[in-house]
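Notes follow once the structure below has been shown.
Only the coordinates and a few stated rules stand behind these numbers; no lab work does. Just so we're clear, the structure is a prediction, and the values are computed from it rather than from any experiment. As a convention, Cβ positions derive from the backbone with ideal geometry for all residues, glycine included, and neighbour counts pool all protein chains shown.
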Amino acid sequence: MPPACMLNPSSSQPEHAFATTQWSVVIRAGLSQPGSRDALEQLCKTYWFPIYAYIRRRGRNHHDAVDLTQGFFAHLLQGNALKSVSRESGCFRAFLLACVKNYMATWVRFHTAARRGGGRFVLSIDHEQVAKQYQEQLVDPFTPEMIFERTWIETLLLRVGERLRHEHELAGKSQLFELIKGYLVASAEKIPQAEIATELQISVPAVAMSIYRLRQRYAQYVREAIGETLADPSEIEDELQRLIGLLSYG
């Protein structure tokens, strides 16, 4: 499990930070607007493993959990499940988890072709890696709901890290990122700033400023991602602290 990240709870956000939320993606998909399916498929990829882990913790084996997860997203994308969705439904993750529970309650085992590639929507996954990742979590005393939340925040943090890596690559600063990325995580091994300065032939204050800016961007992107799941952006700080506490637990 990734350790808790370094976030400044008092960081402010720009007014436009939450213009495109996960709710808006789902609502557009329900209205069948142009480009909505691609956006929704990206959303499905974000939630695939958290939902798989939730279903496993509910007692299903690996293959059944894969079938249920794939079937759920096929149902979500192809059916009418999104037609009546509104932001008033509350937290997006809570809405999605309620949909999963309802789907599991009414699920009937599909024939092999329909379960393993015969459907119209199947996300490509690495079965071995998914099973291994889940096995690593079996020592955690979490409920299915906690597993869902924890794997979601872990996925979010990984995606934010990749976003920052990509930004630095585009700016020609890949080496800088690799040297200072350890400063994003409280328990990660950190290269002394003086060594980084020598390696990059810059001043120590310049290294410190780069770390500060990286942390600020990291906190901003994490808050934006959490805000995308909420109907009310004013709830972001409380939600952030709750998720960090869950990630640090165990």
The stretch 151-197 shape via C-alpha gyration tensor axes, a/c threshold 1.5: oblate
Ranking of Thr143, Thr155, Thr106 by count of other Cβ atoms within 10 Å, fewest first: Thr106, Thr143, Thr155
Whole-percent pair-distance distribution, where bins are 10 Å wide, for the alpha carbons of the stretch 152-250: 14, 43, 29, 14, 1
